[in-house]
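Here's the structure we're looking at; comments come further down.
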Amino acid sequence: MTEQPHGTVTFLFTDIEGSTRLLRELGSERYAGALAEHRRLLRDAFARHGGYEVDSEGDAFFVAFGRPGNALAACAEAQNSLAGHDWPEGQQVRVRMGVHSGEALLAPPKYVGIDVHRAARVMAAGHGGQVLVTESTARLLGDALPDGLGLLDLGEHRLKDFDGALTLYQLCFSGGPATFPPLVTISNTNLPRPASSFVGREQERAEVVELLRREDVRMLTLTGPGGSGKTRLAIEAASKVVTAYPAGVFWIGLAPLVDPTLVTPAIAKTLGAKDDPAAHIGERHMLLLLDNMEQVIEAAPELARLLEACPNLTVLATSREALRLAGENEYALAPLAEADAVELFYERAGEAGAKLAGDAPVPAICKHLDNLPLAVELAAARTKALSGEQLLERLERRLPLLTGGRRDAPERQRTLRATIAWSCDLLGDEEQRLFAHLAVFAGGWTLEAAERVCDAELDTLVSLLDKSLLRHTYGRFWMLETIREYAHEQLDTSGKAEQTRRRHAEHFLGLAQEAGPHLSGPEQVKWLGAVEQEHENFRAALTRLRDANEGERELQLAVALSDFWVTRGYAREGRTWLKDALARGKDARHRVRALHAAGFLASRQGDYEEAEALLEEGLARSRDLGEPDLVARLLLTLAGVVSAQGDERRAAALYGQLRELLPTLGDEAAAPAHMNLADWAIGRGDYPTARRDAEQSFALYRGTGHIWGMAGSLLCLGLACLGHGEDGEARTQLEESLRLSARLGDNEGIGRCLSVLAAVAQERGDAAKATQLLARSEALFEEIDGELDGVERAVHDLTLTKVRSELAAGPFENLWSQGRSLSLEEAVNYALSDELERVARP
């Protein structure tokens, strides 16, 4: 029997395509015979080429090869044997095969590892008679491909349960089929899937698709008024070219944004880029669909730089005006053809449950609406209450009055505004008032917020919802941006705009102040989620307070949100808002708290010089306030920053002051003080002291239900145990810390735990697991724009040095790559598991 291969192994998975159908058609007896023949043919081919049969079950094989060329030769021979065999009833047994090379843990007679799973997923993506090969196998082969065999590049594909795209090849061999259907993989796109049908625009879609396929068109902008169908056409066209962009087609919705500087971070977040999307994209063939550019059009130069840096990137944008970039191709979207508009009207009226008479004047209605999609849809929604004749009558009476908009506005835009104005004219006085006032919200709102900010009544909100002026999903109300823009105009002319915006800012200041204490208490998870959901409204409130020069309230709001920014990884944004607020707010206590928050966020990004300056100022001001808890928080953060910069003498003095303050502190201040003292003691090798402080910190945090603090103190306790040689106890404390951080959504805490658990794994002799955890930790800190410091950085670097010395360069690089590719959930589960990986067939 062939010896079990080890090291870098080439894995082969196979199964019969349509085996259930084959069983039904042949019957049990004949199917059993065919299955046996299939096994014989495959086993003969695998044995002739040195294959090691790991497992077989039903109609599937799992075989390992020491050489990738042998695996491909075996696949070709097996497929030809199957194709040339005389099967019963003229049937054909078609087998799909997947080949992937990588590292795995030997668990004789089997293997355990992520590459085993990847090989199985590759097989599952193929079709009967097809052999799929990964890039890792192709690279391993180099120029040593067996005679008569070839590889056809199928581009990048996403596999189920794996993040990131994978380049796949098809094995070509004499006698094998040349073409197959598209692979069964996860589409490399996040394009929305509209629930309603796509009506009309077939010609426009074909024209946009043709432009997107041209190599000389890299910046295409669909222009037209709000409601003309730009977004829908862009999505439909982009969906037709997904296969033309191997690295993917990605939609970035910009409607909630008003700050142009947030466009690049939005692109990076969608792509999963660490920071700079240009570095992430590089030379990959990718299409970005940037939807609703008009309100952030000042970001257009950034797109130009992105296109210049990425030679194979194409950008499709929707905007109410051209971006005016060099090389931009503008596609102006005209109204619907009359027949398409009529079809759209009937389609949407039917969806609304209306039954129009056969002689309804629908063509005339659409004509009066300039055949604009949004206008047609709004009118069709009214057929629940109005007949076709009544609709037309109202349009005949109101439309001439509403065409005299701004003279500098395009005619199309005035027409759409008239259509929305007509729709709003059907509202009662209270409905009209509420509709205008709701425009103050950004990113949606809750019923409670509408009641408090706009004096809304539930019945009135429901009426606006029924009339298609509002949308409601996941417990929140929201407006289409076109309608919200019109509502803004109504608010601006109502004489109530400033009052409404002030009430909005006051409401969200109150919400932030209500949330503040809970962001570090037993309901921390719930309240962090609530603040995240209202993030756009908090940004709008901060902007309003800044623009109105209400420095004190801006400072209060920024301070209230600081724990949210810390825990959820919004360090850069939080620092920006705090800096603005500190420039205007004068209240001594709020300034000290803001200086502490800004200093802490700066330290988490490794900006120690600015962190020290902010914390020094805060500490100096805090001593006059008579609040020892606040002084302690500044001392402990400043001491950590000073220590991170290598000034151990000054750090010792600051930590000494902190310990002297302990008897005067309340539990909420004493808990982080003990945690930082534990961290300081670990750095000096005083593990008994570190353990006492960490245990005291955990007890205090647990008493207040502070999950984030509990996780941090357990991390310190784990570090102390690790330093004292208690690996088992260290692992127990670190795993619980990881569970708490994951529950909280604290990515920084997760990254810290993964790094230290890597050290535990290395001490237990599991260099492979240690390497993967280190890799995922580093990748996570890159993603959140943060970094390890102090003791944790030293432990991380030492562990990395140890595993590099234990592993050969090739296996180390493979494990490192595998670790970086793990999803966050996979990494957490992996860190908490005893096994490297469980074998799971698709």
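The values are calculated or read from the model by the stated rules, or taken from the named source; none is laboratory data. Owing to the predicted nature of the structure, the values given are computational and were not obtained by experimental measurement. Note that each Cβ is placed from the backbone with ideal geometry, even for glycine, and that neighbours are counted across all protein chains shown. What goes into the accessible areas is simple: the full protein's heavy atoms, side chains included, and nothing from ligands, DNA or RNA. Shrake-Rupley method; radii C 1.70, N 1.55, O 1.52, S 1.80 Å.
Quick look at the numbers
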read-out	value
Yes/no for Val131 being crowded, with 24+ Cβ neighbours inside 10 Å, closer than 27 Å to Glu3 by Cβ, touching a Cys at 6+ places or on another chain (Cβ under 6 Å) and of a type outside the set (Ser, Thr, Tyr)	yes
Meets criteria (open to solvent by 30 Å² or more (accessible area, probe 1.4 Å), touching a Lys or Arg at 6+ places or on another chain (Cβ under 8 Å) and within 24 Å of His590 (Cα to Cα)) for Glu668	no
Criterion (modelled with pLDDT of 95 or more and either surrounded by fewer than 24 Cβ atoms within 10 Å (Cβ to Cβ) or in a helix (DSSP H, G or I) (or both)) met by exactly one of Glu735, Glu748	Glu735
Residue count for segment 272-289, restricted to those that are within 16 Å of the chain's Cα centre (by Cα) and either open to solvent by 50 Å² or more (accessible area, probe 1.4 Å) or farther than 13 Å from Leu313 by Cα (or both)	6
All positions within segment 102-139 that are in a helix (DSSP H, G or I), under 24 Å from Ala178 (Cα atoms) and not β-branched (Val, Ile, Thr)	Ala119, Ala120, Arg121, Met123, Ala124, Glu135, Ser136, Ala138, Arg139
Candidates Ala694, Ala730, filtered to the one that is open to solvent by less than 10 Å² (accessible area, probe 1.4 Å), out of contact with any His (no Cβ under 6 Å at 6 or more places or on another chain) and within 23 Å of Asp667 (Cα to Cα)	Ala694
Subset of segment 446-497 [closer than 17 Å to Ala255 by Cβ, touching a helix residue (DSSP H, G or I) at 6+ places or on another chain (Cβ under 7 Å) and buried (at least 19 other Cβ atoms within 10 Å of the Cβ)]	Leu469, Leu470, Phe477, Met479, Thr482, Ile483, Arg484, Tyr486, Ala487
Near pairs, Cβ below 6 angstrom, 6+ apart or cross-chain, from segment 343-365 (outside any helix (DSSP H, G or I)) to any residue that is at pLDDT below 80 and open to solvent by 40 Å² or more (accessible area, probe 1.4 Å)	Ala352/Lys384; Ala354/Lys384
Glu787 being open to solvent by 50 Å² or more (accessible area, probe 1.4 Å) and in a loop (DSSP other than H, G, I, E, B)	yes
Residues within segment 242-268 that are under 16 Å from Glu302 (Cα atoms) and of a type outside the set (Asp, Glu), tallied	13
In segment 507-541, the residues that are open to solvent by less than 10 Å² (accessible area, probe 1.4 Å) and modelled with pLDDT under 90	Leu519, Gly521, Gln524, Leu528
Considering residues of segment 428-444 that are open to solvent by less than 10 Å² (accessible area, probe 1.4 Å) and outside any helix (DSSP H, G or I) only, the residue modelled with the highest pLDDT	Phe441
Flag if Glu321 is outside any strand (DSSP E or B) and either open to solvent by less than 30 Å² (accessible area, probe 1.4 Å) or farther than 15 Å from Gly227 by Cα (or both)	no
Among (1) within 24 Å of Gln524 (Cβ to Cβ); (2) open to solvent by less than 10 Å² (accessible area, probe 1.4 Å); (3) touching an Asp or Glu at 6+ places or on another chain (Cβ under 8 Å), the one test that Ala594 misses	(3)
Residue match in segment 231-239 (condition: farther than 26 Å from Ala165 by Cα, of a type in the set (D, E, K, R) and assigned to a helix (DSSP H, G or I))	yes
Val99 vs. criteria in a strand (DSSP E or B), under 17 Å from Glu77 (Cβ atoms) and open to solvent by less than 10 Å² (accessible area, probe 1.4 Å)	yes
Condition check for Leu26: under 45 Å from the mean Cα position of the chain (by Cα), buried (at least 17 other Cβ atoms within 10 Å of the Cβ), of a type outside the set (Ser, Thr, Tyr) and at negative phi	no
Flag for Glu609 being part of a helix (DSSP H, G or I), in contact with a helix residue (DSSP H, G or I) (Cβ under 9 Å, 6 or more places away or on another chain) and within 22 Å of Glu532 (Cβ to Cβ)	no
Selection status of Thr771, β-branched (Val, Ile, Thr), open to solvent by 10 Å² or more (accessible area, probe 1.4 Å) and on the phi < 0 side of the Ramachandran plot	no
Residue that is farthest from Leu22 (Cα to Cα) [pool: residues in segment 61-94 that are in a strand (DSSP E or B) and touching an Asp or Glu at 6+ places or on another chain (Cβ under 9 Å)]	Ala64
Filter result for the condition that a residue is modelled with pLDDT of 90 or more, open to solvent by less than 10 Å² (accessible area, probe 1.4 Å) and either assigned to a strand (DSSP E or B) or under 20 Å from Asp115 (Cα atoms) (or both), over Leu12, Leu42	Leu12
Matching residues, segment 598-626, being of a type in the set (A, V, I, L, M) and in contact with a Leu (Cβ under 6 Å, 6 or more places away or on another chain)	Ala598, Leu614, Leu615, Leu619
Hits in segment 572-589 - residues which are assigned to a helix (DSSP H, G or I) and open to solvent by less than 10 Å² (accessible area, probe 1.4 Å)	Gly574, Leu578, Ala581
Residue in segment 494-507 that is touching a His at 6+ places or on another chain (Cβ under 9 Å), under 27 Å from Ala436 (Cβ atoms) and among the small types (Gly, Ala, Ser) present	yes
Residue in segment 213-222 that is surrounded by fewer than 20 Cβ atoms within 10 Å (Cβ to Cβ), touching a residue at least 60 places away in the same chain (Cβ under 8 Å), in contact with a Leu (Cβ under 7 Å, 6 or more places away or on another chain) and not basic (Lys, Arg) present	yes
